[in-house]
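First the structure, in the form of structure tokens, and then the observations on it.
The values are calculated or read from the model by the stated rules, or taken from the named source; none is laboratory data. Quick caveat: nothing in here was measured; it's all calculated off a predicted structure. Every residue, glycine among them, receives a Cβ derived from its backbone with ideal geometry; neighbour counts consider all protein chains shown. Note: accessible area is taken over every heavy atom of the protein model, side chains too, but ligands, DNA and RNA are not part of it. Shrake-Rupley method; radii C 1.70, N 1.55, O 1.52, S 1.80 Å.
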Amino acid sequence: MDVYGLLGNPVGHSLSPPLHEAAYDELGLEARYVTFEPEPEDIADAIHGADALGIAGLNVTIPFKQDALKIVAPEDLATRIGAVNTIDFSGSGPPTGYNTDAVGALRALRDHDVTVEGARAVVVGAGGAGRAVAFGLADAGATVAIANRTEPKARELAADVPHATGHGLTELETLVPEADVLVNATSVGMEEDVSPVPADALHDDLAVLDAVYQPLETKLLREAATAGATTVDGAWMLLYQGVEAFEIWTDRDAPVAAMNEALRSRL
Ligand code: ATR
């Protein structure tokens, strides 16, 4: 029996257990996925303890993604993003840390036939999600404009990301009409039916990914659809960060359709 899990605090409403267990069921794997809520001061002991117990892999979520980076041997992309969300214990050396949020966003876009290579991308948000998406898009060959409410944070992030520029939100009016890909990596649209992007900037040559998945149909995605844009909801990004973690841990192709169904039936 392989044991996988999620480290976070809180983790009560996580969708990761059903997402991963759907994959184990589909492939007939003897595995379980459980959640752990260590106290912040115990995070290093928790990760080393998981390794000692033979746990096969862990996902890491708020507030431990930055701490985990210092405890494991991170991959280059995770180091540059500054956060680890997936730990693999299968090697003989120290556990390896990955950031599958970046690849999750790319795979969500590619699943919808969106070309990222050479695209002009706009990322709204410069927090944890914005960092991951900006590095992912840049590594895949897009030029990235990062727009954030707190503009200096966008400029700081842009200085770290290849071929990126930093902007305030008011510049979305001129950035988005020129863009091929737009990603909302803020929490705007979650609590209230509001959009971080002016509707009249959206257009039919644009693909829009909203990282918000509650609700699935945000105001941004509704307005993007009205403008004729390709829309990709936040469940796709959530799905593919899990798919990517599953594939790192098991070296097998994930049963994406079964995982997608398990996730969407709970949203
Ligand atoms: P996460 O890890 O989910 O990205 P975060 O690091 O707290 O969370 O970042 C939240 C992002 O949403 C930030 O880009 C934040 O903008 P600021 O850097 O200016 O705080 C953005 N955000 C949150 N609420 C917002 C709002 N009401 N309007 C615009 N941007 C908002």
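Data for the structure
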{"read-out": "log10 of Debye I(q)/I(0), alpha-carbon scatterers only, for the chain at 0.08, 0.12, 0.16, 0.17 Å⁻¹", "value": "-0.31, -0.70, -1.20, -1.32"}
{"read-out": "Crossing angle, helix 16-27 versus the chain [Cα axis fit, 0-90 degrees, rounded to tens]", "value": "70 degrees"}
{"read-out": "Alpha-carbon centroids, region 240-257 and region 1-63: separation in whole Å", "value": "15 Å"}
{"read-out": "Heavy-atom accessible area per residue - region 1-89, 1.4 Å, Å²", "value": "47 Å²"}
{"read-out": "Pairwise centroid distance, computed over Cα atoms, of region 145-211 with region 82-136, Å", "value": "17 Å"}
{"read-out": "Prolate/oblate/rounded label for region 88-163 (Cα gyration tensor, a/c 1.5)", "value": "oblate"}
{"read-out": "Rough spin-label spacing in nm, given labels placed 7 Å along Cα→Cβ, for R32 and R252", "value": "1.9 nm"}
{"read-out": "Average accessible area per residue (Å²) across region 102-232 - probe 1.4 Å, nucleic acids and ligands excluded", "value": "43 Å²"}
{"read-out": "Spin-label model distance (nm) - R222 vs D42, 7 Å beyond Cα toward Cβ", "value": "4.4 nm"}
{"read-out": "Between 0 and 90°, nearest 10: helix 43-53 axis offset from the chain longest Cα axis", "value": "50 degrees"}
{"read-out": "Phi-based couplings in Hz for region 154-170 (Karplus 6.51, -1.76, 1.60; Gly and Pro marked x)", "value": "5, 5, 4, 5, 4, 5, 8, 8, x, 6, 10, 10, x, 8, x, 5, 5"}
{"read-out": "Considering only the chain, percent of DSSP beta bridges that pair antiparallel, nearest 5", "value": "15 percent"}
{"read-out": "Packing-based order for 10-18, 50-58, 179-187, using average beta carbon neighbours within 10 Å, highest first", "value": "179-187, 50-58, 10-18"}
{"read-out": "Three-way shape call for region 102-232 based on the alpha-carbon gyration tensor, with the a/c threshold at 1.5", "value": "rounded"}
{"read-out": "Angle in degrees between helix 100-111 and the longest Cα principal axis of the chain, rounded to the nearest 10", "value": "60 degrees"}
{"read-out": "Accessible area of region 102-232 belonging to carbon and sulfur atoms, whole % at 1.4 Å probe", "value": "47 percent"}
{"read-out": "Computed [θ] at 222 nm, deg cm²/dmol, the chain (DSSP H ≥ 4; -39,500 (n - 2.57); rounded to nearest 500)", "value": "-12000 deg cm²/dmol"}
{"read-out": "By average C-beta atoms within 10 angstrom, highest first, the peptides 211-224, 21-34", "value": "211-224, 21-34"}
{"read-out": "Residue-by-residue Karplus 3J(HN,Hα) for region 60-71, coefficients 6.51, -1.76, 1.60, Hz, glycine and proline x", "value": "10, 10, 3, x, 9, 5, 6, 4, 4, 4, 7, 9"}
